[in-house]
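Every read-out reported here was derived from the displayed coordinates using simple, explicitly stated rules and does not represent laboratory data. Bear in mind that the values here come from a model prediction, so they are computed numbers and not experimental data. Using ideal geometry, Cβ is built from the backbone for each residue, glycine included, and neighbour counts are taken over all protein chains shown.
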Amino acid sequence: MVLQYLKKQKAHVSSGQDGAALISALLIVSVMSLTALAVIENLRFSMKLTGNLGQREQARLYALGAEQLAKSTIKATYQIGRQTKLERYPELDTLTLNPIFFPIDGGSISGSIKDGSNCFNLNSLVKIGERNTLVADEVSLQKFVVLLEAVGVHASEGQSLANSIIDWIDSNSSPGYGGAEDPDYAVLQTPYRTSGTLLADVSELNVIKGFSPELVETIARWVCVRPDVNLNQLNLNTLSIEDLPLVLSYLGNKYDEVVVSNILSQRPVTGFNEVEDFFKLDVFQEDKFPEEEKQFYGLASDYYELHAQISYYQTLISLHSLLQISRGGDITLVSRRYGSF
């Protein structure tokens with residue numbers, strides 16, 4: 001009896017040990033399966049990330065190719081224009097009207113080349129003063145105020161906004177009327193200082209006193225930033241009716257919107273051959289246009305802007321390049337900015 005009882009107990013213990021071993025084996029297999037799934041998922045993610053990075057880099061190379069094509073096209077078109085021995089370059093003017101589109105494997109390249117001279121250079125609100133300091137330029141200031149008035153900003157507010165930009169750039173620490181210097185920005189929740197140098201991009205307006213995102217968006221069509229303090233020379237042959245606020249700012253308050261619209265409509269279909277042809281229009285005969293103001297008008301552009309969009313599989317990027325052309329036809333890249341669209 002005792003022997004049978006001991007045998008039964010031994011069998012029971014052996015059965016329990018086998019069950020524990022089976023459970024342990026199942027747990028080990030489960031852990032290994034989960035680990036394998038995690039490794040596979042990480043591998044899949046790494047492969048996708050590598051693929052995306054590869055696509056993005058290829059899209060960036062396509063964008064740089066578009067930029068190089070734009071530079072070559074502008075230079076070649078400029079050389080054709082020089083053969084006419086005119087001050088104007090009709091072929092370059094036409095170039096800014098035609099969009100660019102190229103199909104590529106996996107997507108496309110599209111964009112346009114825009115005349116970069118027909119805009120108000122915000123850096124012209126200052127000029128070089130004594131000892132290479134940056135000081136306010138009253139001529140440009142008044143023109144900028146007129147531009148702001150043309151888009152619905154009251155003159156007094158426009159003066160304050162102009163002074164805010166000047167204070168942001170200039171070399172002194174004394175604020176102009178309605179402007180702002182370091183103390184005004186130091187009390188903000190996130191304090192910062194004025195730059196004390198030329199603007200690098202129009203987007204800087206968003207951190208300057210008085211400029212709301214809505215206002216920046218409103219005037220963005222007619223303002224720009226160039227790497228100098230010169231007021232842009234408007235290209236009379238590429239101005240359009242959409243540039244009305246810009247033309248008003250250059251001509252001044254004595255010309256209203258109706259007059260300026262008539263001026264633009266009187267441009268010959270083939271464009272002006274000389275700047276003086278523009279100032280021979282009847283409206284300028286009634287009140288002689290100041291000679292010193294004529295320097296701000298021309299028939300050729302010094303800057304061109306490339307706006308390119310690259311679609312390559314799941315990657316979408318945009319490129320904005322500012323190109324400067326010399327009178328000898330050399331093309332210089334002034335700035336390049338990537339983004340999404």
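Below, the figures for the structure above:
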| quantity | calculated |
| --- | --- |
| Among (1) 18.1, 52; (2) 32.8, 136; (3) 20.6, 62, the entry derived from the coordinates for Rg and Dmax of the Cα atoms in Å | (2) |
| Gain in span if fully extended, L26 to S171, counting 0.36 nm per residue against the direct Cα distance | 44.6 nm |
| Exposure proxy ranking, count of Cβ atoms within 10 Å, fewest first, for K254, K280 | K254, K280 |
| Cα-based shape type of the stretch 122-222, given that a ≥ b ≥ c are square roots of the gyration tensor eigenvalues and the cut on a/c is 1.5 | oblate |
| For the chain, built as a Gaussian network whose Cα springs stay under 10 Å, the top-fluctuating residue of Y250, Y89, Y177 | Y177 |
| Spacing of the two label points (7 Å from each Cα toward its C-beta) at S335 and A76, in nm | 2.9 |
| Violating pairs (Cα-Cα greater than 22 angstrom) within the set K143/K209; K114/K280; K127/K288; K71/K127; K254/K294 | K114/K280; K127/K288; K71/K127 |
| Where labels lie 7 Å past Cα in the beta-carbon direction, separation of T133 and N262 in nm | 4.6 |
| Likely footprinting exposure, F211, F272, fewest C-beta neighbours within 10 Å first | F211, F272 |
| Packing-based order for 122-134, 296-308, using average beta carbon neighbours within 10 Å, highest first | 296-308, 122-134 |
| Computed [θ] at 222 nm, deg cm²/dmol, the chain (DSSP H ≥ 4; -39,500 (n - 2.57); rounded to nearest 500) | -14500 deg cm²/dmol |
